[in-house]
Amino acid sequence: GELDARRWVAGAMDWCTIESDPGVFTELIQRIGVKDVQVEELWSLDEESFANLKPVYGLIFLFKWQPEQDERPVAHDVDGLFFARQVITNACATQAILSILLNSPTLELGDTLDNFKGFACALDPESAGEAINSLDDVRRAHNSFNRPEPFIPEEKQVATKDDDVFHFIAYIPFRGKIYELDGLKPGPICLAEQAGKDWLATVRPHIEQRMQKYAGSEIRFNLLAVTRDRRASLQEHVEGRATRASILEDALSSAENVEAAPGFVPVELEDDEGFLALLEKGDQAELAAQLRHENRQKDTE
């Protein structure tokens with residue numbers, strides 16, 4: 001009886017292996033209680049791929065693990081940065097996701113992670129790794145994606161030395177610097193100062209270098225982006241456009257039968273400065289053309 005109870009408690013503390021799938025990770029993040037975040041697989045590192053996904057909160061590089069020498073120095077005691085050593089078996093993917101979520105200042109994390117973040121960022125990497133094990137809600141969410149193999153007892157469903165063991169590394173922007181967070185290292189690795197507003201441009205060469213290293217061998221790898229949920233972004237686009245249309249209507253004395261000046265190029269939705277410049281100029285023909293452009297865009301969505 002007592003032995004069985006102890007075994008049950010130990011089993012309840014285990015983290016099972018889950019599929020490395022962007023859809024699974026997206027749902028996992030939702031179940032943990034974080035709002036408006038999704039995970040997308042990246043097939044290319046070019047700007048176009050990233051442009052459709054922005055904002056990107058972090059990148060996850062996953063690859064078939066094998067021992068390697070790494071002489072790069074780690075950064076110690078980075079104020080406010082969450083970094084955890086990997087001390088839990090099978091939670092590598094979830095830990096990489098947590099590393100991105102907990103270091104993203106703009107996200108709505110929900111009660112579980114908000115409370116955890118309150119004390120975990122001050123812990124040393126080893127203690128932070130142990131503390132993840134105390135996140136019962138996260139472990140339950142993680143284990144809900146277990147895919148039991150038929151006829152194999154659950155305690156046998158752990159990776160053996162013959163299995164492909166995949167490792168997950170997170171890349172994040174944090175207070176003007178780009179960090180690589182690898183739970184097998186003693187601390188975070190500062191890759192570079194962030195150049196300009198776009199942290200992805202700064203991190204790209206570092207990831208490309210890693211990809212080239214593995215592309216020449218048989219090592220399989222994937223790249224995932226943790227981004228804002230597309231539906232939430234779309235909603236903001238629509239709300240933004242409705243607001244801009246009403247601003248244009250207010251600025252126009254009459255939109256009826258006003259033709260645009262030849263060669264007028266409408267201002268795109270993301271270009272706030274261009275839109276302000278258009279309003280300041282106050283050309284009625286251009287304002288009317290912009291309004292027609294906004295309404296056409298709205299109708300095609």
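The values are calculated or read from the model by the stated rules, or taken from the named source; none is laboratory data. As the structure is a prediction and not an experimental result, all values here were calculated from the model. Note that each Cβ is placed from the backbone with ideal geometry, even for glycine, and that neighbours are counted across all protein chains shown. The accessibility values were calculated without ligands, DNA or RNA, using every heavy atom of the protein model including side chains. Shrake-Rupley method; radii C 1.70, N 1.55, O 1.52, S 1.80 Å.
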Tell me which lysines have Cα within less than 30 Å of residue 213's Cα, excluding those fewer than 8 residues away on the same chain? 54, 64, 161, 177, 185, 197
Each residue of segment 202-210 in turn: what ³J(HN,Hα) in whole Hz from Karplus with 6.51, -1.76, 1.60 and θ = phi - 60°, glycine and Pro shown as x? 6, 7, 3, x, 5, 6, 4, 4, 5
Checking rank on 50-59, 264-273, with mean other Cβ inside 10 Å and highest first, the result is 50-59, 264-273
Rounded to whole Å², per residue accessible area for segment 89-144 with a 1.4 Å probe reads 41
